[in-house]
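Inspection log for the structure reproduced underneath, given as structure tokens.
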Amino acid sequence: MRTKKKILLIICGGIAAYKSLDLIRLLLRKKYEVKTILTKSGKKFITPLSLTTLTKDKPYQNLFGANDNSKIDHISLSRWADMILVLPTTANFMSKLNKGMCNDLASTVILASNKDIFLVPAMNVRMWIHPATQKNYKDLIGYGYKFIGPENGEMACGEYGKGKMSSPRQIFAVIQNYFRNKNKFKEKKIKVLITAGPTREYIDSVRFISNESSGKQGYELAKCFKKLGIDTTLILGPTSLDVEDEIKTKNVISADQMLDVVKKSLPVDIAICVAAVSDFKPLKFQNGKIKNSKTLKNLKLEKNPDILEYLGKTNKNRPKIVVGFSAETQNIDKNSEEKLRNKNCDMIISNDVSKKNFGFNSDFNKISIIDSNGKKLKFNKNKKNYLAYVIAREILNKFLSDDKSLN
Ligand code: C5P
């Protein structure tokens, strides 16, 4: 590893807190930098002195009264870290995070963070399987938190079941893998292009043809790839999204513009067409507002270019992996598979837009991932940011298995 990676370890109040000391030793041995936050109840299980002795740095404990008075701890700590790990994550802490509470340093750092946050739950089996905890678990995944464990096994309370914290070695392996993949993508300079949002096809200066696409699913995907350290370009139609500055975005209006910018952005390794491109555009654009409604009645349309098909079939700079989306209301998989073949894609994500409460213009989606080699994965309705993570993982797995030089 070239640069020292920085881990911010948040230690909550559970008996498994003592294992954090073993994890810290593993991390320090591999030259990670570690800072710690010890919650009030975490202090009941391990002492600040143990953490200071190991990390050579005092654990941070208070929201007010910073360790270094010149800095605001909850901001500087979350910016300092390359990864935040909560170990053990108690049922209470999961509940707090789900509510977005920030009444201590640990929860405030997390709410203020722009980094990947890994939660490592540890609790009694009954607490883990309680519907309230399970709801928190699902919601937190939806918010983009990543989980390590819990495992099945014998617990400190003597009961047996799911809820046991993953071992320091298991957690360490996840951390190593996370940074190894990030480095691998960075070193290989993988480039990803994503189209998202609707397009607008102007009839005159004030009227246009468009659709309900919000651009959310494509934007969530762009955030996922960016977080993995991958060079990502988002080519975005008109939406009301408040896109983070960190995401390289090229804004477009029409399908023709989108295709033009896509062509100019090649070569890339992976292209993902999430945009709901308007299928048709007016044959003629008229400057000003058309007064005569008869002209609108005689509106003639022509087909727009198919950007996905262009990328799938082009001989010039075809991306190694071309992924399409397929919004369908019926015969979802069959129609999507046809699209996959017709447009020469490597993978297609079919999404069900038959219901109002997910799909278009919603935070939720219901998808299947269909690979050109026949592999098919179906997912229940879930948040778009969680599904983005699942889709990104599948795309990268395919890319890695096709690119032998990366293995
Ligand atoms: O054929 P259909 O429009 O259902 O295909 C959807 C897929 O094709 C999506 O991935 C969408 O981004 C892409 N598409 C495109 N250009 C078009 C129409 C669709 O890139 N003109």
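In the set VAL323, VAL261, only one residue is touching a residue at least 60 places away in the same chain (Cβ under 8 Å) and either among the polar types (S, T, N, Q) or within 25 Å of LYS189 (Cα to Cα) (or both); that residue is VAL323. Within region 291-303, is even one residue on the phi < 0 side of the Ramachandran plot, assigned to a loop (DSSP other than H, G, I, E, B), at pLDDT 90 or above and of a type in the set (Asp, Glu)? Checked region 291-303: no residue is on the phi < 0 side of the Ramachandran plot, assigned to a loop (DSSP other than H, G, I, E, B), at pLDDT 90 or above and of a type in the set (Asp, Glu). Taking the numbered list (1) out of contact with any Leu (no Cβ under 9 Å at 6 or more places or on another chain); (2) within 24 Å of LEU396 (Cβ to Cβ); (3) hydrophobic (A, V, I, L, M, F, W, C) in turn, LEU259 passes all entries but (2).
To keep it simple, each residue is scored yes or no on (1) surrounded by 14 or more Cβ atoms within 10 Å (Cβ to Cβ); (2) more than 8 Å from the ligand (Cβ to nearest atom).
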| residue | (1), (2) |
| --- | --- |
| SER254 | yes, yes |
| VAL261 | yes, yes |
| ASP279 | yes, no |
| GLU302 | no, yes |
| ILE307 | yes, no |
| LYS316 | no, yes |
| MET347 | yes, yes |
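What do you reckon, is ILE75 modelled with pLDDT of 95 or more and in the same structural domain as ASN152 (by TED's automatic domain parsing)? For ILE75, the condition - modelled with pLDDT of 95 or more and in the same structural domain as ASN152 (by TED's automatic domain parsing) - is not met. Tell me which residues, restricted to region 185-209, are more than 18 Å from the chain's Cα centre (by Cα) and under 27 Å from ILE395 (Cβ atoms). Matches in region 185-209: GLU187, LYS188, LYS189, PRO198, THR199. Scanning region 251-259 for residues that are in contact with a strand residue (DSSP E or B) (Cβ under 7 Å, 6 or more places away or on another chain), at pLDDT 95 or above and assigned to a helix (DSSP H, G or I) turns up at least one hit. The condition of being at pLDDT 90 or above, touching a Phe, Trp or Tyr at 6+ places or on another chain (Cβ under 8 Å) and over 27 Å from LYS378 (Cα atoms) does not hold for ASN317. Among residues belonging to region 117-138 that are without any contact (Cβ under 8 Å) to a residue 40 or more places away in the chain and in a strand (DSSP E or B), point out the one that is farthest from LYS227 (Cα to Cα). Selected residue: LEU119.
Considering only residues of region 139-162 that are part of a loop (DSSP other than H, G, I, E, B), in contact with a strand residue (DSSP E or B) (Cβ under 7 Å, 6 or more places away or on another chain) and not aromatic (Phe, Trp, Tyr), which is nearest to PHE172 (Cα to Cα)? Ranking the candidates gives ILE148 first. Taken as a whole, region 204-215 holds at least one residue that is aromatic (Phe, Trp, Tyr), away from the ligand (no atom under 15 Å from the Cβ) and surrounded by fewer than 23 Cβ atoms within 10 Å (Cβ to Cβ).
To keep it simple, each residue is scored yes or no on (1) away from the ligand (no atom under 13 Å from the Cβ); (2) on the phi > 0 side of the Ramachandran plot; (3) surrounded by 22 or more Cβ atoms within 10 Å (Cβ to Cβ).
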| residue | (1), (2), (3) |
| --- | --- |
| PHE325 | no, no, yes |
| SER336 | no, no, yes |
| ARG341 | no, no, no |
| ASP363 | yes, no, no |
| SER372 | yes, no, no |
| LYS376 | yes, no, no |
| ASN382 | yes, no, no |
| ALA388 | yes, no, yes |
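For region 107-123, the criterion of being acidic (Asp, Glu), surrounded by fewer than 17 Cβ atoms within 10 Å (Cβ to Cβ) and either in the same structural domain as LYS223 (by TED's automatic domain parsing) or modelled with pLDDT under 95 (or both) is met by none of the residues. Mind checking whether some residue in region 235-243 is more than 16 Å from the ligand (Cβ to nearest atom) and part of a helix (DSSP H, G or I)? No; the residues of region 235-243 include none that is more than 16 Å from the ligand (Cβ to nearest atom) and part of a helix (DSSP H, G or I). Condition check for PRO198 on (1) under 22 Å from PRO282 (Cβ atoms); (2) surrounded by 21 or more Cβ atoms within 10 Å (Cβ to Cβ); (3) modelled with pLDDT under 95: one failure, at (3). Counting only residues that are within 16 Å of the ligand (Cβ to nearest atom) and not in a strand (DSSP E or B), which one in region 265-277 is nearest to the chain's Cα centre (by Cα)? Out of the qualifying residues, it is VAL274.
The values are calculated or read from the model by the stated rules, or taken from the named source; none is laboratory data. All of these numbers come straight from a predicted model, not from anything done at the bench. Here the Cβ is made from the backbone with ideal geometry for all residues, glycine too, and neighbour counts use every protein chain on show.
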